[in-house]
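The values are calculated or read from the model by the stated rules, or taken from the named source; none is laboratory data. Treat the numbers as computed from the prediction; the structure is a model and nothing was measured. Positions of Cβ are backbone-derived with ideal geometry, glycine not excepted, and every protein chain shown enters the neighbour counts.
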Amino acid sequence: MYRTCFLLLMMLLNYQIFAQSDTHRAGNWITNSDVSHVEYSNGYTMISGSFDKMGPYTGGGVLLNGTTGLYDPTMPIVDGYVNVSLPDGTGGWYIGGYFTSVKNTTIRNLAHIKSDKTIDQTWAPNPNYVVYALAMTSTTLYAGGDFKEVNLQTRNALAAFDISSGAMKDWNPNVTGTVYALAVVGNTVYAGGDFTKVGTVARLDLAAIDGTTGIATTWNPAITGTSISCMAVNTTTNALYIGGYFTKVGTQNRSSLAAVDLTTAGPTVWKTDIQVTTGSPSVYTMLLSGNVLYIGGYLQLKGLAALNLAAVNASTGASINWLPTVDSAPYALALSGTTLYVGGYFSSVNSNTRNYLAAVSTADATLLDWNPFASDGVNCLAMSGSDVFAGGYFRGVNWIYRDGFALLQDATDQPWPFAFNLNGGQVNTMRIQGTTLYIGGNFSSINKSVRRNLAAIDLTTGLPLAWAPGAIYTTATSNPAVVNSIKIKDNLLYVGGRFGTINNAGVNTARINFTAVDLSSGAPSTLNINVGSTNFDIINSLDIADNIVYAAGAFAQVGTQTRHNLAAIDVSVATGNILPWAPVSNGEVAKIRVAPSAAYVVGDFANGIGGSIRATRIAALNLTTGLATPWNPPLKDGYATDVDITSSDVYVGGYYDSIALEPRYGGLASFSLSTGLLNSWNPDLGGNSDGIASVYSIATSANRIHVGGGFNSVGNESRTYYAEYDLCPDGFNLVPTGSVLSAPSATSYQWYKNGTAIPGATGQTLEISFLENGTYYVVITQNGCTGRSNDYVYLITGQVKGEPSLIKIFPNPVKEEMFMEVPQQATLTMLDVMGRNVKNSTLVAGELNRIETHDLNTGTYILIVRTGNATNYFKILKTH
């Protein structure tokens with residue numbers, strides 16, 4: 001006779017339904033300076049601050065289309081600066097510079113990108129400092145720079161590698177100083193730079209080195225100057241052209257550009273007169289094409305209008321009447337047909353704007369349309385077919401101008417295509433309804449149309465709408481008018497800031513620091529409750545919950561009632577009612593966000609708020625009493641600057657490196673809204689050697705966390721000032737209904753049983769069999785990332801009547817070992833909660849069977865004991 005019962009075991013853990021991704025999103029754009037305000041509304045993120053340019057993060061090395069200037073996003077991102085690039089002859093690239101990783105692979109300063117645009121991970125020489133120069137023969141790659149060690153072996157400024165194997169060669173010239181330029185002729189390596197010796201041989205800035213022995217040859221041009229920056233070989237004239245910052249070659253005067261005989265080491269008669277109007281000439285780059293030598297730097301050829309970029313006859317040194325003008329020094333040149341690509345640290349070419357990259361015609365120096373717009377200086381250029389590899393100090397290319405304000409579109413990860421001129425003003429806040437963008441800030445005009453601190457923009461055209469209820473002062477004051485916060489409810493725009501009047505259609509209506517205006521007409525509503533009484537008072541932040549508007553700022557009264565920088569106004573009636581909620585804050589409040597049971601605030605109230613001390617400038621206030629709740633996150637060595645909430649979490653941005661003993665180097669953390677406890681989320685903001693990040697502003701949307709600040713790194717990448725993180729589904733519980741398991745709503749699903757994907761199980765629900773044991777979970781995709789549910793363990797316990805008492809298992813819980821007694825010979829199978837077989841054994845009847853468990857991880861295990869035709873199930877707990 002059998003008795004069968006069913007045991008359903010849900011392995012429940014206290015996870016959030018939607019957890020955050022610790023790793024930043026790769027798609028968002030960045031800026032070239034601080035982001036001080038971030039807000040989100042209806043699919044758009046507003047960022048504003050001190051920046052004037054923004055664009056995608058591409059890293060310091062990119063492959064650009066030679067016609068369009070667009071970058072190839074499939075190239076691996078180089079995190080750092082690229083000084084030199086060299087085609088490997090098979091469609092790939094060698095790159096050198098000052099970087100820490102390529103495509104999130106730790107490789108320092110010298111790397112090989114293969115033709116399929118993947119990283120050659122078998123080759124990582126890791127020079128300990130900067131690489132400036134590369135040269136290659138059919139068998140050997142030479143690298144020069146400012147390093148002292150390569151592959152953990154001493155190599156001062158020069159090293160060589162076997163191309164076929166990648167192994168570093170014994171070749172070791174041991175240069176005292178830095179190598180900036182390399183050229184190879186036969187078995188001789190020419191090195192230029194800023195050095196004094198090659199091995200034990202004195203050589204000043206220029207030397208010829210035996211490619212086999214690494215010993216300096218007798219060739220010695222005897223340079224007088226500071227450094228050699230670039231060189232080119234002309235085998236037709238047997239000359240080595242050198243450029244840099246020097247005054248003599250041997251005893252002959254040569255101003256920063258010379259030709260040296262490859263045999264005698266003496267200066268040839270070749271000579272070009274270089275002059276500049278101020279300072280001293282310097283040549284940073286050169287390119288030899290046929291009988292023309294193009295040169296770039298801080299220079300001007302005598303008698304010609306060409307500035308900083310010029311061309312000379314390679315045979316005679318005579319100036320060529322080719323007249324481009326570049327406003328600062330080019331550092332790199334590359335040639336394709338009749339197009340000369342130019343990179344450097346300039347902002348205009350031929351009086352036209354070009355940011356660090358440009359292309360000019362070799363026929364007549366005409367500026368071409370090619371305009372990749374790099375974020376910063378370019379150090380090197382090299383051709384691969386019709387594409388141009390550019391490397392430098394930049395963080396991105398294909399950037400755009402934005403005057404301290406931009407909108408980013410969630411749907412495309414691209415910026416709103418319109419820009420407008422704020423005439424020196426700034427935007428502090430925005431809301432979107434339908435196709436209208438409402439903005440508030442400190443500005444007097446938009447695209448030369450008068451708009452005073454409030455405006456409406458057509459989202460589809462980028463043009464200001466006629467709606468123009470200016471928030472102003474009608475008389476002179478010591479502080480300018482400003483709008484800091486706007487919120488939309490019903491057909492009203494609630495406005496908070498510093499102002500005394502709302503001017504609509506030429507009619508001034510007194511409203512002090514707080515009002516509501518009609519979204520259609522711009523007319524102020526009947527709500528007329530003044531916040532503050534002087535032009536020193538201000539509202540910094542508004543939030544709306546149900547029919548209550550909460551205000552935070554620096555003010556001492558609301559209407560005729562005393563309030564200490566915080567207030568609540570019931571707007572369910574047209575004229576508004578001041579509510580009795582009156583927390584006392586001893587300092588200005590910068591932000592307020594309202595949750596169902598508390599208002600979360602940040603500000604300068606270290607001396608007290610809500611009857612308690614909150615030294616880290618953040619607090620939660622009871623919505624009934626106004627008193628501070630016990631929630632008091634211990635932000636170590638810092639303080640909070642902003643706060644935002646979702647349905648489950650509180651996000652705190654600021655300047656701090658840890659919370660209690662938990663590191664949060666990025667100044668960004670989240671807490672459970674229900675418990676107040678710190679979540680495990682540890683975002684990679686500012687998480688590299690740059691140290692602590694400064695977060696100024698945060699905003700949450702349905703699927704992302706948006707972060708602005710003064711940081712210079714995110715994860716292992718030099719992302720600046722703006723970052724995003726996904727809200728990812730993870731660690732959620734499956735919901736059982738009878739034999740059906742359900743997951744939350746998501747984009748896609750894949751169900752697993754005992755660690756193996758179930759074919760075809762890709763829906764939101766899964767029906768399980770009551771007749772089979774199993775451990776189930778589902779992997780879902782949502783918001784661009786994936787998450788895994790907690791395990792759901794289903795067990796059947798089928799036991800022969802009277803037999804369980806005859807099978808003995810002890811101890812339970814178990815540590816190092818357990819013992820089993822069985823009435824007849826049996827087999828033991830031990831499964832973990834994932835359904836994986838972790839141990840098997842044969843059990844002998846009448847004996848004390850010893851089972852070692854010291855090798856098992858802590859957790860729950862299922863024992864399956866088979867005796868004859870009966871199967872028995874038991875659960876044990878393994879502890880430390």
Q. (1) within 20 Å of residue 379 (Cβ to Cβ); (2) assigned to a strand (DSSP E or B); (3) in contact (Cβ under 8 Å) with a residue 40 or more places away in the chain: which one isn't true of residue 98, the others all being true?
A. (3)
Q. Taking segment 697-752 as the region of interest, how many residues are assigned to a strand (DSSP E or B) and either more than 26 Å from residue 792 (Cα to Cα) or touching a residue at least 60 places away in the same chain (Cβ under 8 Å) (or both)?
A. 21
Q: Test each condition in (1) among the hydroxyl-bearing types (Ser, Thr, Tyr); (2) under 30 Å from residue 513 (Cβ atoms); (3) surrounded by fewer than 23 Cβ atoms within 10 Å (Cβ to Cβ) for residue 429 and report the one that comes out false.
A: (3)
(Q) Would you confirm whether or not segment 664-671 contains a residue that is in a strand (DSSP E or B), farther than 23 Å from residue 98 by Cβ and modelled with pLDDT under 90? (A) no
Q.
For segment 481-520, which positions are exposed (fewer than 15 other Cβ atoms within 10 Å of the Cβ) and of a type in the set (A, V, I, L, M, F, W, C)?
A. 505, 507, 510
Q: Sort out which residues of segment 346-358 are under 30 Å from the mean Cα position of the chain (by Cα) and surrounded by 18 or more Cβ atoms within 10 Å (Cβ to Cβ), and write them in order of number.
A: 346, 354, 355, 356, 357, 358
Q) Scanning for something in a loop (DSSP other than H, G, I, E, B), within 21 Å of residue 377 (Cα to Cα) and touching a Ser or Thr at 6+ places or on another chain (Cβ under 6 Å), does segment 270-282 turn up at least one residue? A) yes
Q) Can you name every residue in segment 864-877 that is closer than 18 Å to residue 791 by Cα and surrounded by 18 or more Cβ atoms within 10 Å (Cβ to Cβ)? A) 876
Q. How many residues, within segment 839-880, are in contact (Cβ under 8 Å) with a residue 40 or more places away in the chain and not in a strand (DSSP E or B)?
A. 3
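Let's see how each residue does on (1) over 19 Å from residue 698 (Cα atoms); (2) at pLDDT below 95; (3) β-branched (Val, Ile, Thr); (4) assigned to a loop (DSSP other than H, G, I, E, B):
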residue: 394; (1), (2), (3), (4): yes, no, no, yes
residue: 419; (1), (2), (3), (4): yes, yes, no, yes
residue: 422; (1), (2), (3), (4): yes, yes, no, yes
residue: 457; (1), (2), (3), (4): yes, no, yes, no
Q | When residues of segment 248-305 are limited to those that are polar (S, T, N, Q) and under 19 Å from residue 204 (Cβ atoms), the one surrounded by the fewest Cβ atoms within 10 Å (Cβ to Cβ) | A | 251
Q: Tally the residues that are among the small types (Gly, Ala, Ser) and at positive phi, restricting the search to segment 151-170.
A: 2
Q) Being crowded, with 24+ Cβ neighbours inside 10 Å and under 27 Å from residue 677 (Cβ atoms), is that true of even one residue in segment 577-584? A) yes
Q: Spot the failing condition for residue 755; the list is (1) at pLDDT 90 or above; (2) more than 25 Å from the chain's Cα centre (by Cα), and only one is missed.
A: (1)
Q: Would you mind finding the one in 217, 247 that is hydroxyl-bearing (Ser, Thr, Tyr) and in contact with an Asp or Glu (Cβ under 9 Å, 6 or more places away or on another chain)?
A: 217
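Residues are listed down the side, and each one gets a yes or a no for (1) closer than 16 Å to residue 463 by Cβ; (2) not polar (S, T, N, Q):
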{"residue": "411", "(1), (2)": "no, yes"}
{"residue": "418", "(1), (2)": "yes, yes"}
{"residue": "425", "(1), (2)": "no, yes"}
{"residue": "428", "(1), (2)": "no, no"}
{"residue": "432", "(1), (2)": "yes, yes"}
{"residue": "438", "(1), (2)": "yes, yes"}
Q | Residue list for segment 380-405, filter: surrounded by fewer than 24 Cβ atoms within 10 Å (Cβ to Cβ) and of a type in the set (A, V, I, L, M) | A | 382, 383, 400
Q.
With the requirement that a residue be exposed (fewer than 13 other Cβ atoms within 10 Å of the Cβ) and in a loop (DSSP other than H, G, I, E, B), what does segment 144-166 give you?
A. 148, 152, 164, 165
